[in-house]
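Trainee: Take this structure first; my questions come after.
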Amino acid sequence: MMSLRTLALVTVIASTAGFLGAVAFSVHFGLSWTHLTLFVVMYLFTSFGVEGGMHRYFTHRSFATGSVLATLLGVAGCMAAQGPILFWVSVHRKHHAFADREGDPHSPQPIGDDRLAVVRGLWHGHMGWLFRLDRTGWHRFVPDLLQENRILWLDRYYAAWVLLGLALPAAVAYGLTGNAVDMLGGLLWGGLARMFLLHHVTWSVNSLGHTSGRRPHETRDASHNIASLAPITIGGSWHNNHHARPALAHNRQQFWQVDLTGSVIRLLDLAGLVTDVRYPDRPHREEARR
C-alpha cells in the first residue's frame, strides 16, 4: 500500500505537471469556453468539498446533514486530492490543538536562526510538511469518524474519487464536443490544473494565513485574516475569525467579508438539507468590530 508521503509526492508531481501541460495545451490549441467553464465548475465543486465538507462538516461538525449530502461532500472533498478524509481531518484537528506550537503539523513559523529561517518556515507551512508527516497518535484525533462506516468506505476508495475528479471533466468535454482534443483539455483544465491551483490556494491558508494579514481576535496562535484570498478560498482565508470560533459554520463576521461556503451552507439550511447549523451570535460579531 502506498505511504502517505509517497501519495503526497505523486499528487504534487502529477498536478504540477498537469498544470504546466494545461498551459502548453492552451498555447497550442487555445483556451475554449468549455475548458474554462469546466475549470470553474470543478474548482467550485471540489473547493466546497474541502472547505464545506472536509473542514466545516467532517472536522468541526459545524452542521449536520443526511447520508446522501454527507457522501457527496466526502466525494467532492476527496476529488480535490488533498488526502483521504481521516488524514485530512486528523491533521487539521491536530493543527488546532497545537496551532503554532510544538506538534502543529504545518506551522509556518521560522525554522532556524539564519536569513533563510523565514523562507524555510513558509515552505514547511505551505507544503513541506506533506513530506515530513508524523502519524503518531493521529487516530486519537478522529475517534468519532472511525465509528462511521460511510466515512470508512469513502476513505477506503479515496483513489477512485481522485480519478473520478479527473475523468468527469474529460468525459463532459468529450460529450459536449465529441472531440478528443477537447477531452484532453477537459482533463488538463477541469482535472489536473484545477487540482494544482486548489492545492496551493488551500495551502496558502496554512502558510500565509499564519504570517500576514489582520488579527481582529487575540487568539493564542498566529492566525490572520487575508481578505484578498477570500473569493478563491471561498471563505477559508478569514482564518483568524475561524481560529477564534472554529466550530462555526460561517467565517464571515462583517457584512463585507466574502464567505461563499457559509452562504451555501445557509442556503442548504433554508432548503432543509442541513440542520443544527452553528451560526455566529451577535455579541461575537460586535466584538469583531472593535
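The values are calculated or read from the model by the stated rules, or taken from the named source; none is laboratory data. Note that the structure is a prediction, hence the values are computed from the model and not measured. In this analysis, Cβ positions are derived from the backbone assuming ideal geometry, glycine residues included, and neighbour counts consider all displayed protein chains. All accessible areas refer to the heavy atoms of the entire protein, side chains included, with ligands and DNA or RNA removed. Shrake-Rupley method; radii C 1.70, N 1.55, O 1.52, S 1.80 Å.
Trainee: Evaluate the distance, in nm, between pseudo-label points positioned 7 Å from the Cα of ARG140 and of ALA171 along their respective Cα→Cβ axes.
Mentor: 4.3 nm
Trainee: Counting pairs of Cα atoms in the stretch 49-157, how many percent are more than 23 Å apart?
Mentor: That fraction is 32 percent.
Trainee: Relative contact order, percent, of the stretch 14-153 when contacts are C-alpha pairs under 8 Å separated by at least 6 residues? All intermediate terms of the calculation are to be shown ahead of the outcome.
Mentor: On the way: 120 pairs, mean separation 24.1, N = 140.
With pairs under 8 Å counted, the relative contact order is 17 percent.
Trainee: Moving on. Excluding ligands, DNA and RNA, what is the solvent-accessible area per residue of the stretch 1-48 at a probe of 1.4 Å, expressed in Å²? Intermediate results must be reported in sequence, preceding the final value.
Mentor: Working: 2830 Å² over 48 residues.
I get 59 Å² per residue for this part.
Trainee: Once Rh for the stretch 203-273 is found with the Kirkwood sum over Cα pairs, what is the Stokes-Einstein diffusion coefficient at 4 °C and 1.567 mPa s, in µm²/s?
Mentor: Working: Rh = 12.2 Å.
For these conditions, the coefficient is 106 µm²/s.
Trainee: Something else: Can you work out D for the chain in µm² s⁻¹ from Stokes-Einstein, where Rh is the Kirkwood radius over C-alpha pairs, the temperature is 4 °C and the viscosity is 1.567 mPa s? Let's see the in-between values first.
Mentor: On the way: Rh = 19.7 Å.
Result for D is 66 µm²/s.
Trainee: Before I look further, what does the stretch 193-262 give for accessible area per residue, probe 1.4 Å, in whole square angstrom?
Mentor: Numbers: 2470 Å² over 70 residues.
So the stretch 193-262 comes to 35 Å² accessible per residue, rounded to a whole number.
Trainee: While we're looking at this one, here's another question. So for the stretch 177-274, taking the charge dipole from beta-carbon charges (+1 Lys/Arg, -1 Asp/Glu), which of GLY190, ALA230, ALA180 sits furthest toward the positive end?
Mentor: So the residue we want is ALA230.
Trainee: Please sort by residue number the chymotrypsin sites (Phe, Trp or Tyr not before Pro) in the stretch 201-273 whose DSSP state is loop and whose Cβ has at most 13 other Cβ atoms within 10 Å.
Mentor: On the way: sites: TRP203, TRP238, PHE255, TRP256; in loops: PHE255, TRP256.
Hits after loop and neighbour filter: PHE255, TRP256.
Trainee: Let me ask another. Rounded to a whole number, what % of the accessible area of the chain do carbon and sulfur atoms account for, probe 1.4 Å?
Mentor: Values: 8960 of 13790 Å².
Carbon and sulfur: 65 percent of the exposed surface of the chain.
Trainee: Show log10 I(q)/I(0) for the stretch 70-226 at q = 0.10, 0.12, 0.17, 0.20 Å⁻¹, two decimals, from a solvent-free Debye sum over equal Cα scatterers.
Mentor: -0.47, -0.65, -1.06, -1.23
Trainee: Note down the nm distance, to one decimal, between modelled labels 7 Å out along Cα→Cβ at ALA17 and at HIS96.
Mentor: The modelled label-to-label distance comes out at 3.7 nm.
Trainee: May I ask for the distance between the Cα centers of the stretch 132-209 and the stretch 59-78, given as a whole number of Å?
Mentor: Computed from Cα coordinates, the inter-centre distance equals 15 Å.
Trainee: Please report Rg (one decimal) and Dmax (integer) in Å for the Cα set of the stretch 70-131.
Mentor: 14.1, 47
Trainee: Once you list every other residue whose beta carbon is under 12 Å from the beta carbon of ALA249, what net charge do they have if Lys and Arg are +1 and Asp and Glu are -1?
Mentor: Values: positive: ARG56, ARG61, ARG245, ARG252, ARG266, ARG278; negative: GLU51, ASP259, ASP269, ASP276.
Net charge around ALA249: +2.
Trainee: Between LEU69 and ARG5, what length comes free when the chain is fully extended (0.36 nm per residue of separation minus the Cα-Cα distance, one decimal in nm)? Kindly include the intermediate steps, with their values, before the conclusion.
Mentor: Numbers: separation 64, 0.36 × 64 = 23.04 nm, distance 3.00 nm.
Stretched out fully, the LEU69 to ARG5 stretch lengthens by 20.0 nm.
Trainee: Trypsin sites (Lys or Arg not before Pro) within the stretch 1-90: which are DSSP loop residues with at most 16 other Cβ atoms inside 10 Å? Walk me through the numbers on the way to the answer.
Mentor: Numbers: sites: ARG5, ARG56, ARG61; in loops: ARG61.
Passing sites in the stretch 1-90 are ARG61.
Trainee: Given springs between every Cα pair under 10 Å in a Gaussian network model of the chain, which of LEU188, LEU163, LEU176 has the largest fluctuation?
Mentor: Maximum among the listed residues: LEU176.
Trainee: Under unit Cβ charges (Lys, Arg +1; Asp, Glu -1), what dipole magnitude, rounded to 20 debye, does the chain have relative to its Cα centre?
Mentor: With only Lys, Arg, Asp and Glu charged at Cβ, the dipole is about 300 debye.
Trainee: What net charge is computed for the residues neighbouring ILE232, neighbours being all others with C-beta under 14 Å from the C-beta of ILE232, Lys and Arg scored +1, Asp and Glu -1?
Mentor: Details: positive: ARG194; negative: GLU51, ASP259.
Summing Lys and Arg as +1 and Asp and Glu as -1 gives -1.
Trainee: What is the distance in Å between the Cα centres of the stretch 1-38 and the stretch 218-286?
Mentor: Each part reduced to its Cα centre gives a spacing of 30 Å.
Trainee: With a Förster radius of 22 Å, plug the Cβ-Cβ distance of ALA24 and LEU44 into 1/(1 + (r/R0)^6) and report the FRET value to the nearest 0.05.
Mentor: Calculated transfer efficiency: 0.35.
Trainee: Using label points projected 7 Å from each Cα along Cα→Cβ, tell me how many nm separate GLN254 and LEU273, to one decimal.
Mentor: For the pair GLN254/LEU273, the computed spacing is 3.1 nm.
Trainee: Something else about it: Leaving ligands and nucleic acids out of the surface, order ASP113, ASP259 by accessible area at 1.4 Å, largest first.
Mentor: Numbers: ASP113 160, ASP259 5 Å².
Descending accessible area places them as ASP113, ASP259.
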